[in-house]
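Below: one structure, written as structure tokens.
The values are calculated or read from the model by the stated rules, or taken from the named source; none is laboratory data. This one's a predicted model, so the numbers in the text were calculated from it and none came from an experiment. Cβ coordinates were reconstructed from backbone atoms using ideal geometry, including for glycine residues, and neighbour counts include every protein chain displayed. Side chains are part of the model used for accessible areas, which takes the heavy atoms of the whole protein and leaves out ligands, DNA and RNA. Shrake-Rupley method; radii C 1.70, N 1.55, O 1.52, S 1.80 Å.
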Amino acid sequence: MKVVVAGGTGFLGNALVGRLGSEGHEVKVLSRRANAPHQVAWTPDGTAGPWASALEDADAVVNLAGESIAAGRWTSARKERIRESRVRATRSLVAAMQRSGRKPSVFLSGSAVGYYGPHAEEPVTEQTP
């Protein structure tokens, strides 16, 4: 399976990319600072750029991109940057998928996965406190 991971160099993305690769999947990582053969430089500005060709023939696209939530105080300005970084990344990926000749069958977008706190194997939903 060909999987494209945006945010694949971050905390969760790095583990996901490693696991997918160890299972034999072809993985492309969209990164603002691409420095490895499986990485493609992208600018998540809300549009599809030259990097969009990395999504051609992708079976799945995973979006974990966004400014780190742990890199400082959550001022009003910082919260806005965090939110905007995620919105722009998602818009960029959607624009790239719309341009693609064959759309991926899966698009998974995750953000703030630690929000619900530790629940081990217990399923969580929007209603979970």
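Name the residue that is most open to solvent (accessible area, probe 1.4 Å), counting only residues in the stretch 9-27 that are at pLDDT 95 or above and touching a Leu at 6+ places or on another chain (Cβ under 8 Å).
LEU16
With the checklist (1) touching a strand residue (DSSP E or B) at 6+ places or on another chain (Cβ under 7 Å); (2) open to solvent by 40 Å² or more (accessible area, probe 1.4 Å); (3) modelled with pLDDT of 95 or more in hand, flag the one item ALA34 doesn't pass.
For ALA34, the failing item is (3).
In the set GLY46, GLY72, GLY101, GLY117, which member is surrounded by fewer than 17 Cβ atoms within 10 Å (Cβ to Cβ), under 17 Å from VAL3 (Cα atoms) and of a type in the set (Gly, Ala, Ser)?
Working: GLY46 fails: under 17 Å from VAL3 (Cα atoms); GLY72 fails: under 17 Å from VAL3 (Cα atoms); GLY117 fails: under 17 Å from VAL3 (Cα atoms).
Unique residue meeting the criteria: GLY101.
Would you say ALA95 is touching a Ser or Thr at 6+ places or on another chain (Cβ under 6 Å) and in contact (Cβ under 8 Å) with a residue 40 or more places away in the chain? Working first, answer last.
On the way: touching a Ser or Thr at 6+ places or on another chain (Cβ under 6 Å): yes; in contact (Cβ under 8 Å) with a residue 40 or more places away in the chain: yes.
Taking the combined requirement at face value, the residue satisfies it.
Is there a residue being farther than 27 Å from PRO129 by Cβ and of a type in the set (Val, Ile, Thr) anywhere in the stretch 71-92?
No: the stretch 71-92 contains no residue that is farther than 27 Å from PRO129 by Cβ and of a type in the set (Val, Ile, Thr).
Regarding SER68, is this residue among the hydroxyl-bearing types (Ser, Thr, Tyr), in contact with a Phe, Trp or Tyr (Cβ under 9 Å, 6 or more places away or on another chain) and closer than 16 Å to PHE11 by Cα? I'd like the intermediate steps shown before the answer.
Working: among the hydroxyl-bearing types (Ser, Thr, Tyr): yes; in contact with a Phe, Trp or Tyr (Cβ under 9 Å, 6 or more places away or on another chain): yes; closer than 16 Å to PHE11 by Cα: yes.
For SER68, the condition - among the hydroxyl-bearing types (Ser, Thr, Tyr), in contact with a Phe, Trp or Tyr (Cβ under 9 Å, 6 or more places away or on another chain) and closer than 16 Å to PHE11 by Cα - is met.
When you look at ALA41, is it among the hydrophobic types (A, V, I, L, M, F, W, C) and open to solvent by 20 Å² or more (accessible area, probe 1.4 Å), yes or no?
Criteria met by ALA41.
Yes or no: VAL5 β-branched (Val, Ile, Thr) and surrounded by 16 or more Cβ atoms within 10 Å (Cβ to Cβ)? Working first, answer last.
Working: β-branched (Val, Ile, Thr): yes; surrounded by 16 or more Cβ atoms within 10 Å (Cβ to Cβ): yes.
Taking the combined requirement at face value, the residue satisfies it.
Would you mind stating whether ALA96 is loosely packed, with under 10 Cβ neighbours inside 10 Å, out of contact with any strand residue (DSSP E or B) (no Cβ under 7 Å at 6 or more places or on another chain) and not in a loop (DSSP other than H, G, I, E, B)? Steps first, answer last, please.
Numbers: loosely packed, with under 10 Cβ neighbours inside 10 Å: no; out of contact with any strand residue (DSSP E or B) (no Cβ under 7 Å at 6 or more places or on another chain): yes; not in a loop (DSSP other than H, G, I, E, B): yes.
It is false that ALA96 is loosely packed, with under 10 Cβ neighbours inside 10 Å, out of contact with any strand residue (DSSP E or B) (no Cβ under 7 Å at 6 or more places or on another chain) and not in a loop (DSSP other than H, G, I, E, B).
Is it true that VAL61 is surrounded by 13 or more Cβ atoms within 10 Å (Cβ to Cβ), β-branched (Val, Ile, Thr) and under 27 Å from GLU126 (Cα atoms)?
yes
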